[in-house]
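S.K.: Before we start, here is the structure in question, set down as structure tokens.
The values are calculated or read from the model by the stated rules, or taken from the named source; none is laboratory data. Since we're looking at a predicted model, the values are computed, not measured. For neighbour counting, all protein chains shown are included, and Cβ atoms are generated from backbone atoms with ideal geometry for every residue, glycine included. Keep in mind that these areas ignore ligands, DNA and RNA; they rest on the heavy atoms of the full protein, side chains included. Shrake-Rupley method; radii C 1.70, N 1.55, O 1.52, S 1.80 Å.
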Amino acid sequence: MRITVLSGGIGGATFVRGLLDEVGDDADVTVVGNTADDIWLFGLKVCPDLDTLMYTLGGGIDAERRWGRADETWSVKEELAAYGAQPTWFGLGDRDVATHLVRTQMLQAGYSLTDVTRALCVRWDPGVTLLPMTDHRVETHVVVEDGGRRSAVHFQEYWVRMRASVPAHDVVMIGIDDAEPAPGVLEAIAEADVVVLPPSNPVVSIGPVLAVRGIADALRATAAPVVGVSPIIGGGAVRGMADQLLTGLGLEVSASAVATRYGARARGGVLDGWLVDTSDASQLPVVAEAGLEGRAVPLYMSDPATTRTLAADTLALAREIGTRS
Ligand code: GDP
Ligand code: CA
């Protein structure tokens, strides 16, 4: 079985960890990671979502923080701060810096981000084929109001420094119009037996992946069922600040609103099936109205066992959809 997952960082990586527990060696899993969070810092190319995926699946993640390396130290960050070097708000750990140094050196030698990601994964052996959504530079910027004036800040600055505490008026993906899918991405969708949209942020994680030319069309064209897992439980994002971002953009924060935003493949959208939490079962009629096959199952990935069960429920829905069509 071939499974292709379009993913952001923490939510997607946690889900894929459970998916691998569920399928074992019975499936080839390809993960297409969002790269619109990427940022150049101190001359280093940092890819937060790819690294969260790589460290989570490869066993190097700080399990409590859920980003960056375990057993991390912060000497580089402290030394940069002692020079007054800006920005000071990004968590650049010493171990993590080695990843960014290797990546940047390879990029500057002419390798593509796809090549670099493959090379980094030799060390981490994440158990999946990890692909960036594109080899082109794409950066999400968030339009905020600053002292009565509108300005755009890099998504990382909005998320990490501002903690999403000021309203987002708009989200702009700089470079997206010129971005082509990375090698292997369209094939991974076309040749998959199941495609999954895990519980990742719909606007700033899955949004950029779907906005890369050809990817949404590939989802509409694939023979595989496409199923998604809601990142929203009740009226909020489970962890983090996604609800503030969505509210600022004027989007309703609910499982069914995210489903409606993705839309049914039969009606020009990208999904066939959608999982909501059991506590959101009352939203299933809205999901059905959107043309999607909905199910209510526990969506909270509180430990490896519940996450694995969620992955099994996701594959079960895909199987049901697949056998009907
Ligand atoms: P990021 O790139 O690191 O922000 O990670 P993602 O975009 O992949 O995922 C972030 C989203 O995951 C959050 O906005 C939450 O809505 C969602 N999330 C986090 N934990 C859980 C969970 O246990 N269950 C579900 N259903 N969603 C979760
Ligand atoms: Ca991210």
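S.K.: Suppose all protein chains stay in the model; what accessible area per residue would a 1.4 Å probe give for the stretch 114-225, in Å²? Before the final figure, lay out the partial values.
M.R.: Details: 4780 Å² over 112 residues.
Value for the stretch 114-225: 43 Å² per residue.
S.K.: Here is a follow-up. Given points 7 Å out from each Cα along the Cα-Cβ axis, report the W74 to R267 separation in nanometres with one decimal.
M.R.: Result for the modelled spin labels: 4.8 nm.
S.K.: Also, quick follow-up: May I have the extent of the alpha carbons of the chain along their three principal axes, as whole Å values ordered from largest to smallest?
M.R.: Here the Cα extents, ordered largest to smallest, are 61, 49, 38 Å.
S.K.: How large is the charge dipole for the stretch 125-232, taken about the Cα centre, if only the Cβ atoms of Lys, Arg (+1) and Asp, Glu (-1) carry charge, to the nearest 20 debye?
M.R.: Details: 7 positive and 14 negative charges, 93 e Å.
So the dipole magnitude of the stretch 125-232 works out to roughly 440 debye.
S.K.: In percent, how large is the relative contact order of the stretch 198-325, given Cα pairs closer than 8 Å and 6 or more residues apart? Let's see the in-between values first.
M.R.: Values: 193 pairs, mean separation 29.8, N = 128.
That works out to 23 percent.
S.K.: Give me the one-decimal nm value for the distance between modelled label points at T88 and R324, 7 Å along each residue's Cα-to-Cβ direction.
M.R.: 5.7
S.K.: Starting from the Cα of V166, step 7 Å along the direction of its Cβ; do the same at V122; then give the gap between the two resulting points in nm.
M.R.: So the two model labels end up 4.5 nm from each other.
S.K.: Working out 0.36 nm times the residue gap between R149 and S279, then minus their Cα-Cα distance, what length gain in nm do you get to one decimal?
M.R.: Here the segment from R149 to S279 would lengthen by 42.7 nm.
S.K.: Kindly sort F42, F90, F15 by accessible area of their heavy atoms, largest first, with the probe set to 1.4 Å. Kindly include the intermediate steps, with their values, before the conclusion.
M.R.: Working: F42 85, F90 25, F15 0 Å².
Result, largest first: F42, F90, F15.
S.K.: For helix 304-324, what angle does its Cα long axis make with the longest principal axis of the chain, in degrees from 0 to 90 and rounded to 10?
M.R.: Roughly 50 degrees, rounded to the nearest 10.
S.K.: Another question about this same structure. Using r as the Cβ-Cβ distance of Q108 and D25, and R0 as 51 Å, what FRET efficiency do you calculate, to the nearest 0.05?
M.R.: On the way: r = 37 Å, r/R0 = 0.73.
With R0 = 51 Å, the Cβ-Cβ based efficiency is 0.85.
S.K.: Tell me the angle of helix 10-23 to the major Cα principal axis of the chain, expressed in degrees between 0 and 90 and rounded to the nearest ten.
M.R.: Tilt relative to the chain: about 50 degrees.
S.K.: Sticking with this one: Packing-wise, with mean Cβ within 10 Å as the measure, how do 195-206, 63-74, 240-251 rank, highest first?
M.R.: On the way: 195-206: 26.9, 63-74: 13.7, 240-251: 18.2.
Taking the mean over residues of other Cβ atoms within 10 Å, the ranking is 195-206, 240-251, 63-74.
S.K.: Give me the percent relative contact order of the chain, please, defined on Cα pairs under 8 angstrom at least 6 residues apart. Before the final figure, lay out the partial values.
M.R.: Numbers: 668 pairs, mean separation 61.1, N = 325.
19 percent.
S.K.: Under 5 Å between amide H atoms, partner at least 5 residues away or on a different chain: which partners does A70 have, H built in plane at 1.01 Å?
M.R.: I61, D62
S.K.: Follow-up. Just need the relative contact order of the stretch 132-286 here, percent rounded to a whole number, with Cα pairs under 8 Å and 6+ apart. Can you show the working numbers first?
M.R.: Values: 258 pairs, mean separation 32.4, N = 155.
The normalised contact order for the stretch 132-286 reaches 21 percent.
S.K.: Keeping the other protein chains in place, figure out the carbon and sulfur percent of the accessible area of the chain, with a 1.4 Å probe. Don't skip to the end; give the middle numbers.
M.R.: Details: 6910 of 13750 Å².
Taking all protein chains in place, the chain shows 50 percent carbon and sulfur surface.
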